[in-house]
Amino acid sequence: MKYIDEFRDGKLARQLTAKIAAATSPGRAYAFMEFCGGHTHAIARYGLASLLPANLRLVHGPGCPVCVLPIGRVDMAIELVLDRNVTLCTYGDTLRIPASHGSSLLKAKARGGDVRMVYAVSDALAIARAAPEREVVFFAIGFETTTPPTAVAIVQAAREGLRNFSVLCCHVLTPPAIAAILDAPAAPLDGFIGPAHVSTVIGSAAYDLYAARYRKPVVIAGFEPLDILQAILMLVEQVNDGRAEIENEYTRAVTPGGNRKAQALVAEVFELRERFEWRGLGSIPASAVQIRAEYAAFDAERRFDLAYQAVADHKACECGDILRGVKRPQDCRIFATVCTPEHPIGACMVSAEGACAAHYAYGRILENTQ
Amino acid sequence: MTAKAHYVRPLDLKQGRVDMSHGAGGRAMQQLIGELFVRHLGNEALAQGNDGAVLTGLTIGRDEVAVPSAARDAAQRHPFGERLVMATDSHVVSPLFFPGGDIGALAVHGTVNDVAMMGARPLSLSAAFIIEEGFPLADLERIVLSMARAAQEAGVAIVTGDTKVVERGKGDGVFITTTGIGLLPVGRDVGGARARPGDVILLSGSIGDHGMAIMSARAHLAFDAPIVSDTAPLSGLTEALFASGGEIHVLRDPTRGGLAATLNEIAAQSGVGLLLDEQAIPVKPEVAAACELLGLEPLHVANEGKLVCICAAPDANRLLAAMQAHPLGREAARIGEVIADEHRFVQMQTAFGGRRIVDWLAGDQLPRIC
Amino acid sequence: MCLAVPVRVVEVLSSDTAIVDLGGVRKEISTALIDDVQVDDYVILHVGFALAKLDAEEAQKTLALFAELEATHAEPA
């Protein structure tokens, strides 16, 4: 597969890991946070942590839209399904997020709710067209990468005059989350591996403010393991040089300005929410979007008069600390015992790119071989 | 730091409901089997925990009776003539017709293979049909013809059956359950608990073909890929392996849950660890590409015509050659080895150079977006 | 976030749809978010939408960077 296989080359990997080892100062500890859940997954899947020097730690950040989705939002989706009899269309990983009363969308489905997994929002539109007598709601989660497709769908629905389609919007923004982590740095971070495809949409220039304000380097990295290793090398070099710049390793897909067409479409359909609750990070101002009044007919919250109610996480759940990089999955008291992929207590265990699920699925040997 | 003691939350037998993860071939399904079925139906045969059961206490052709014993190994060591093996399989695949096969072929192959994985020669099958009202007779005939062909190819007879019809809406077209019996020759002793450190792991061919052929045929994942199900009867291949004289410890066909589930099952049953070489595991390029598109791992995707053979190391080359000489084993490969590991992890050396574990699938196979 | 793959455009169906190919697997996707898509372009595909075109020249430069024998910046501290 072109542009994939070349970026997974094992020989180049060895060269890069040697360069990283040579570049790191033995007397110094390096801690880099990869913001993006896709990177968390890739790091785990390729066993990258096992290839890095002992004084270089990767801290898993909150860039997993499933992980940061608060219980209250999943409750809204379940209410739509069980109490309001809608057909809820959703991307895969939301199905197992634990919500209130031990429920989840998968369990709601088992109780007779019409929950359908879709690969693309256009599938939800197709379902709505095919069943005009059903109310169809698309559960829209995701960062800036996934928001433009939702915008396209809403515009399309408006153009067609689709009367039974709406969106439960839980789209969130990346830079404010990075700022929230940096504002309350519980763990010393030396830099960030910036998200790949969020950056494709928002552009590398979107991070300039953060490097300047917080004096931390950000290297935007592609999705493949060689990209990630190269970005780590670039971060180590920045730290050694005392620089705090935005660098772009993923130049084949990320430009300074990003995708203007996508940005314009998003601006047409969505506006900033005043604030939004993030699991683990609390309520962050201007960190999420909602559907504009002009498209109110497609806003499930308005259409079904849904009110958000904050629900506290399970007492023993330490997802909050893990999402902020303060604790590692294995530091959580209930990791791998009470909280497992089959019985996730918190969202970090549900999504394949959650720090806990990734560590459980791929990384547990490391703690056993140390 | 060692892994915490393995706590498993028990099934909620009072309030819980069956959900899709219980049928996915992973841990959830194992738990349902253990805590419900085996618990109440438990007997020595069921406790063997393999794909089929050796009916101890029943022999063919000799006067002596098998020594009643709680230890399966002990019963196996007595060469009192051929023993009966019984296995059963239900088929609920959707769609019923897919590239490379249909539910009828699957129904025959599935049970033939379960019997063959016990080291037995399949003899006869029963076939029970639950058909939904309104199901086209033309399709039913197509399925039955397919079963007849598959049975003939596998050298088995379908000797008895049952037919039920349920009202429209109460069945997914047709469900087929087949039960098979076979004869286990003297001197063969294979089973999930027989893997030993130092053994070699062989795989008969490429993984993920069947699951991705199904995905491609499902309407809501619309892509047309030249992927064909690998559904096939493996009894000819297993006989070739036994004929080679190599010492075989485990035979298993990785179906739902993929190779990952099968290897984890074996590791748990045998109390060992497994170490795989990712580069050695054959995956067809189209299957790899389809998995990339959907965010799936080939290791978790179902197969219907492949087997894993764990054997004594000195005989590995001989057994591999026997596999490769057979039409169903042309792409056979040596993919790893068995090691001592109290944690019973399945580990993998990634093509990229890192090491990680290969875990069971947590729930139903869900394409990722993230 | 977010799973996205580079795929090759094999057929332009309309101003906002195209058929792409990845390793022999074909899929119809939306190109509503990008402009001026041509056959043989590579695009980044996410949840059924093309998000950006892949710059082949930059891809080559990045690969060359990986293969460089020396580190690109100052000596380690």
Item to complete: Could you please find all residues in segment A:129-141 being surrounded by fewer than 24 Cβ atoms within 10 Å (Cβ to Cβ) and closer than 23 Å to A:Leu69 by Cβ?
Response: A:Glu135
Worksheet item: Residues in segment A:144-167 that are surrounded by 24 or more Cβ atoms within 10 Å (Cβ to Cβ) and more than 11 Å from every other protein chain (Cβ to nearest Cβ): how many?
Response: 5
Worksheet entry | Single condition A:Tyr207 does not satisfy, out of (1) facing chain C (nearest Cβ under 10 Å); (2) crowded, with 22+ Cβ neighbours inside 10 Å | (1)
Discussion item. On the basis of being among the charged types (D, E, K, R), under 17 Å from the mean Cα position of the chain (by Cα) and surrounded by 24 or more Cβ atoms within 10 Å (Cβ to Cβ), does B:Asp199 make the cut?
Written reply: no
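Using the structure shown, decide if B:Lys284 is away from every other protein chain (no Cβ under 11 Å), of a type in the set (D, E, K, R), touching a residue at least 12 places away in the same chain (Cβ under 8 Å) and out of contact with any Phe, Trp or Tyr (no Cβ under 8 Å at 6 or more places or on another chain).
Numbers: away from every other protein chain (no Cβ under 11 Å): no; of a type in the set (D, E, K, R): yes; touching a residue at least 12 places away in the same chain (Cβ under 8 Å): yes; out of contact with any Phe, Trp or Tyr (no Cβ under 8 Å at 6 or more places or on another chain): yes.
Against the criterion (away from every other protein chain (no Cβ under 11 Å), of a type in the set (D, E, K, R), touching a residue at least 12 places away in the same chain (Cβ under 8 Å) and out of contact with any Phe, Trp or Tyr (no Cβ under 8 Å at 6 or more places or on another chain)), B:Lys284 does not qualify.
Residues B:Ala340, B:Ala332: which one is farther than 19 Å from A:Thr340 by Cβ, surrounded by fewer than 22 Cβ atoms within 10 Å (Cβ to Cβ) and aliphatic (A, V, I, L, M)? Lay out the reasoning, then the answer.
Numbers: B:Ala332 fails: surrounded by fewer than 22 Cβ atoms within 10 Å (Cβ to Cβ).
Answer to the selection: B:Ala340.
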Worksheet item: Exactly one of (1) within 30 Å of A:Ala297 (Cβ to Cβ); (2) in a strand (DSSP E or B); (3) not aromatic (Phe, Trp, Tyr) is unmet by A:Leu162. Its number?
Response: (2)
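Collect the residues in segment A:122-149 that are in a helix (DSSP H, G or I), within 22 Å of the chain's Cα centre (by Cα) and free of Cβ contacts under 8 Å to residues at least 40 places away in the same chain, keeping them in residue-number order.
Residues satisfying the conditions are A:Ser122, A:Asp123, A:Pro149.
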Discussion item. Can you tell me which condition C:Val10 does not meet? The list is (1) surrounded by 16 or more Cβ atoms within 10 Å (Cβ to Cβ); (2) within 14 Å of chain B (Cβ to nearest Cβ); (3) without any contact (Cβ under 8 Å) to a residue 40 or more places away in the chain, and all the others hold.
Written reply: (1)
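So, A:Ile193, is that one in contact with a strand residue (DSSP E or B) (Cβ under 7 Å, 6 or more places away or on another chain), more than 12 Å from chain C (Cβ to nearest Cβ) and buried (at least 24 other Cβ atoms within 10 Å of the Cβ) or not?
Values: in contact with a strand residue (DSSP E or B) (Cβ under 7 Å, 6 or more places away or on another chain): yes; more than 12 Å from chain C (Cβ to nearest Cβ): yes; buried (at least 24 other Cβ atoms within 10 Å of the Cβ): yes.
It is true that A:Ile193 is in contact with a strand residue (DSSP E or B) (Cβ under 7 Å, 6 or more places away or on another chain), more than 12 Å from chain C (Cβ to nearest Cβ) and buried (at least 24 other Cβ atoms within 10 Å of the Cβ).
Please pick out the residue among A:Gln263, A:Gln238, A:Gln230 that is farther than 30 Å from A:Cys332 by Cα, more than 9 Å from chain C (Cβ to nearest Cβ) and either touching a residue at least 12 places away in the same chain (Cβ under 8 Å) or in contact with a Cys (Cβ under 8 Å, 6 or more places away or on another chain) (or both). Explain how you work it out, then say what you get.
On the way: A:Gln238 fails: more than 9 Å from chain C (Cβ to nearest Cβ); A:Gln230 fails: more than 9 Å from chain C (Cβ to nearest Cβ).
Among A:Gln263, A:Gln238, A:Gln230, only A:Gln263 is farther than 30 Å from A:Cys332 by Cα, more than 9 Å from chain C (Cβ to nearest Cβ) and either touching a residue at least 12 places away in the same chain (Cβ under 8 Å) or in contact with a Cys (Cβ under 8 Å, 6 or more places away or on another chain) (or both).
Listed residues B:Arg121, B:Arg149, B:Arg142; which is outside the structural domain of B:Thr231 (by TED's automatic domain parsing) and crowded, with 18+ Cβ neighbours inside 10 Å? First the steps, then the outcome.
Working: B:Arg149 fails: crowded, with 18+ Cβ neighbours inside 10 Å; B:Arg142 fails: crowded, with 18+ Cβ neighbours inside 10 Å.
Every option except B:Arg121 fails the conditions.
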Worksheet item: Name the residues in segment A:115-139 that are within 14 Å of chain C (Cβ to nearest Cβ), out of contact with any strand residue (DSSP E or B) (no Cβ under 8 Å at 6 or more places or on another chain) and of a type in the set (A, V, I, L, M), would you?
Response: A:Ala126
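Of all helices (runs of 4 or more DSSP H) completely enclosed by segment A:293-370, which ones contain at least 2 residues that are charged (D, E, K, R), farther than 25 Å from A:Leu182 by Cα and modelled with pLDDT of 85 or more? So that I can check it myself, show each step before the final result.
Values: elements: A:300-303, A:319-323, A:355-358, A:364-369.
Counting at least 2 such residues, we get A:300-303.
State whether one or more residues within segment B:168-177 are surrounded by 24 or more Cβ atoms within 10 Å (Cβ to Cβ) and in the same structural domain as B:Thr88 (by TED's automatic domain parsing). Spell out the reasoning first.
Quick first cut of segment B:168-177, residues surrounded by 24 or more Cβ atoms within 10 Å (Cβ to Cβ) only: B:176.
Retained after the next criterion (residues that are in the same structural domain as B:Thr88 (by TED's automatic domain parsing)): B:176.
The answer is yes; a qualifying residue exists.
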Worksheet item: Tell me, which helices (runs of 4 or more DSSP H) lie completely within segment A:172-274 with 3 or more residues that are under 20 Å from the mean Cα position of the chain (by Cα) and of a type outside the set (D, E, K, R)?
Response: A:174-183, A:197-202, A:225-241, A:260-269
Worksheet entry | Condition check for B:Ser124: polar (S, T, N, Q), touching a residue at least 24 places away in the same chain (Cβ under 8 Å) and part of a strand (DSSP E or B) | yes
Worksheet item: For segment A:1-114, list the helices (runs of 4 or more DSSP H) that sit wholly inside it and hold at least 3 residues that are under 30 Å from A:Ile127 (Cα atoms) and more than 10 Å from every other protein chain (Cβ to nearest Cβ); which are they?
Response: A:71-82
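The values are calculated or read from the model by the stated rules, or taken from the named source; none is laboratory data. These numbers come from a predicted model, not from an experiment. Using ideal geometry, Cβ is built from the backbone for each residue, glycine included, and neighbour counts are taken over all protein chains shown.
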